[in-house]
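The values are calculated or read from the model by the stated rules, or taken from the named source; none is laboratory data. Treat the numbers as computed from the prediction; the structure is a model and nothing was measured. As a convention, Cβ positions derive from the backbone with ideal geometry for all residues, glycine included, and neighbour counts pool all protein chains shown. What goes into the accessible areas is simple: the full protein's heavy atoms, side chains included, and nothing from ligands, DNA or RNA. Shrake-Rupley method; radii C 1.70, N 1.55, O 1.52, S 1.80 Å.
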Amino acid sequence: MSHAIDLDAYFRRIGHVGGREPTLATLAALHRRHAATIAFENLDPLLGRPVALDTASLERKLVRDGRGGYCYEQNLLFGDVLAALGFRVTGLAARVLWTYHPEDAITARSHQLLRVDLAEGAYVVDVGFGGQTLTAPLRLEPDVEQATPHEVFRLVAAGDGFKMQCRIGAAWRSLYRFDLQEVLRPDYEILNHYASTHPRSRFVNALIAARPASGRRYALADDRFAVHHLGGCTERRVLRTVGELRATLEGAFLLRLPDVPELDGALARLLATP
């Protein structure tokens with residue numbers, strides 16, 4: 001039996017008090033509030049704990065337990081909410097290009113995003129891309145610069161699909177490449193298993209957290225904390241103790257940390273990494 005998501009609890013979690021009609025205005029409001037409230041984080045893979053993708057588990061972790069998650073958790077939960085509200089939602093998958101790969105790299109499909117079809121047309125929705133998470137839906141239309149509450153984004157035609165790009169300073173940076181083939185929950189289960197358990201997965205070996213806030217983005221990579229201001233200035237500092245890591249995760253990233261004995265040991269190992 002499928003789990004009916006508790007929309008009231010979700011709205012309380014993200015602080016949404018607006019409408020529930022399946023409109024572009026509702027979609028934009030929910031997208032912004034979700035991204036700003038439910039941080040990207042990978043504590044469970046780092047701790048060797050399972051990452052469940054069924055609706056009940058996602059609701060318990062991200063809504064009731066005050067946690068965040070990575071792309072599969074974030075976008076599956078958001079997709080479940082949108083579907084419950086009457087939106088037409090399609091799961092998609094992307095090949096990540098951000099940070100580590102040249103523009104022509106052929107990488108595995110490892111990222112989830114969503115397509116939402118409205119009366120106004122099709123939109124790309126993504127509340128789970130770490131430090132460059134969208135804070136607004138984008139029209140599924142190539143070569144149009146689209147403002148969001150944070151950076152300007154655009155989609156560029158690439159083969160039979162698109163590249164997602166954002167403008168950072170004066171340069172356009174590619175985040176990922178995707179097409180419009182539908183991807184179903186069992187497909188994400190396979191991708192999630194690799195991301196959360198493979199010994200070479202970055203989510204198993206490093207701590208990553210990110211959250212957009214008004215006028216800035218917070219980012220954490222192991223013990224390195226950054227605040228990226230929209231005007232271009234970035235503040236950086238290295239966290240020196242487990243207490244500082246905990247305080248940053250709870251403060252900047254709004255997380256209720258899991259009450260498990262292995263957490264402090266895992267955080268301490270990050271501090272010892274060269």
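Brief remarks on what is shown
- Residue selected from the stretch 141-160 under the condition modelled with pLDDT of 95 or more and closer than 16 Å to residue 96 by Cβ, by the criterion most open to solvent (accessible area, probe 1.4 Å): 156
- Residue 115 meets each of the listed conditions (1) assigned to a loop (DSSP other than H, G, I, E, B); (2) open to solvent by 20 Å² or more (accessible area, probe 1.4 Å); (3) not polar (S, T, N, Q) apart from (1).
- When 120, 73 are screened for being among the charged types (D, E, K, R) and open to solvent by less than 30 Å² (accessible area, probe 1.4 Å), only 73 passes.
Here is a yes/no grid of residues against (1) at pLDDT 95 or above; (2) within 22 Å of residue 38 (Cα to Cα):
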residue	(1), (2)
201	yes, no
212	yes, yes
219	yes, yes
228	yes, yes
232	no, no
252	yes, yes
257	yes, yes
263	yes, yes
271	no, no
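- Boolean, residue 93 is open to solvent by 10 Å² or more (accessible area, probe 1.4 Å) and not polar (S, T, N, Q): no
Listed here are the residues, each with its yes/no results for (1) more than 18 Å from residue 150 (Cα to Cα); (2) open to solvent by 10 Å² or more (accessible area, probe 1.4 Å).
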{"position": "25", "(1), (2)": "no, yes"}
{"position": "31", "(1), (2)": "no, no"}
{"position": "41", "(1), (2)": "yes, no"}
{"position": "47", "(1), (2)": "yes, yes"}
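- Against the criterion of being open to solvent by less than 10 Å² (accessible area, probe 1.4 Å) and modelled with pLDDT of 95 or more, residue 82 qualifies.
- Every condition in (1) touching an Asp or Glu at 6+ places or on another chain (Cβ under 8 Å); (2) open to solvent by 10 Å² or more (accessible area, probe 1.4 Å); (3) within 25 Å of residue 207 (Cβ to Cβ) holds for residue 57 except the one numbered (1).
- Test: residue in the stretch 146-161 that is more than 28 Å from residue 54 (Cβ to Cβ), touching a residue at least 60 places away in the same chain (Cβ under 8 Å) and of a type in the set (Gly, Ala, Ser): no
- Of all residues in the stretch 97-111, those being over 20 Å from residue 219 (Cα atoms), open to solvent by less than 60 Å² (accessible area, probe 1.4 Å) and not hydrophobic (A, V, I, L, M, F, W, C) number 2.
- For the stretch 125-140, residues that are aliphatic (A, V, I, L, M) and surrounded by fewer than 23 Cβ atoms within 10 Å (Cβ to Cβ) total 3.
- Selected residue (criterion: nearest to residue 206 (Cα to Cα)) from residues of the stretch 1-20 that are open to solvent by 20 Å² or more (accessible area, probe 1.4 Å) and touching a residue at least 40 places away in the same chain (Cβ under 8 Å): 13
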